[in-house]
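Written out below as structure tokens is the structure these notes cover.
The values are calculated or read from the model by the stated rules, or taken from the named source; none is laboratory data. What you see is a predicted model; the values in this text were computed from it and never measured. Positions of Cβ are generated from backbone atoms using ideal geometry, with glycine treated the same way; all protein chains shown enter the neighbour counts. The area values use the complete protein model at the heavy-atom level, side chains included, leaving out ligands, DNA and RNA. Shrake-Rupley method; radii C 1.70, N 1.55, O 1.52, S 1.80 Å.
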Amino acid sequence: FTLSFLFNGNEKFQVYNLVKAGQNANSSTYSPPSWDAVLNSWHKPGDDVAYPDFKQIQKDVNGDVRKGQNSLYLEDGSFIRLSSVRLTYKLGPAITSKLKMKSIMVYIFGDNLATWTNYSWYDPEFSSKGLNIGQDNGTYPKRREAGAGINVNF
């Protein structure tokens with residue numbers, strides 16, 4: 001048997017969650033604010049909360065909420081990821097010689113099986129576009145794969 005695995009990670013870096021900022025701007029008809037924003041938004045004088053009253057947000061001339069960078073959406077992007085695992089079994093020479101082969105290896109593998117992070121969106125290891133480095137604009141996370149195979153050597 002052979003077991004190989006790879007972990008990767010990063011620590012102490014900040015991500016600007018542009019998706020969450022847009023979602024909480026309350027300017028979309030198809031995406032409501034996050035639960036955190038709904039539960040912790042301002043309702044009456046004296047409330048000590050992080051989010052404004054969504055009913056009273058100022059809108060610009062186009063009807064959209066005024067956008068701007070806000071440190072409220074800076075998040076810790078630290079993570080550890082199990083990037084790959086592969087378990088291989090090599091059949092012994094007694095079996096392979098009976099089958100008139102030099103070697104047979106059977107394996108199973110998986111890629112991107114687990115990510116441990118406190119980041120609230122899909123993937124802290126997203127790909128930035130252009131000059132928006134460090135801004136998560138909602139790109140798809142890395143795909144998870146699993147499979148099996150056999151290597152036969154004649």
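Miscellaneous remarks
- Option label - P(r) over Cα pairs in 10 Å bins from 0, in percent computed here, alternatives (i) 9, 26, 22, 16, 11, 8, 5, 2, 0; (ii) 9, 30, 33, 21, 6, 0; (iii) 9, 34, 32, 16, 8, 1: (i)
- With a Förster radius of 30 Å applied to the beta-carbon distance between Phe154 and Leu113, the computed FRET efficiency rounds to 0.35.
- For the range 84-125, fraction of C-alpha pairs farther apart than 14 Å, in %: 63 percent
- A cut-off of 5 Å between modelled amide H atoms, ignoring neighbours fewer than 5 places along the same chain, links Thr139 with no other residue.
- Separation in nanometres of the label points that stand 7 Å from Cα toward Cβ, at Lys142 and Ile104: 3.4 nm
- P(r) weight above 17 Å for the range 104-154, C-alpha pairs, percent: 55 percent
- With θ taken as phi - 60° and the Karplus curve 6.51 cos²θ - 1.76 cosθ + 1.60 applied, the whole-hertz 3J(HN,Hα) list for the range 72-81 is 4, 9, 7, 10, 6, x, 4, 7, 10, 10 Hz, x standing for glycine and proline.
- Accessible surface of the chain, 1.4 Å probe, proportion on carbon and sulfur as whole %: 56 percent
- Asp47 - accessible surface, heavy atoms, 1.4 Å probe, Å² rounded to 10: 40 Å²
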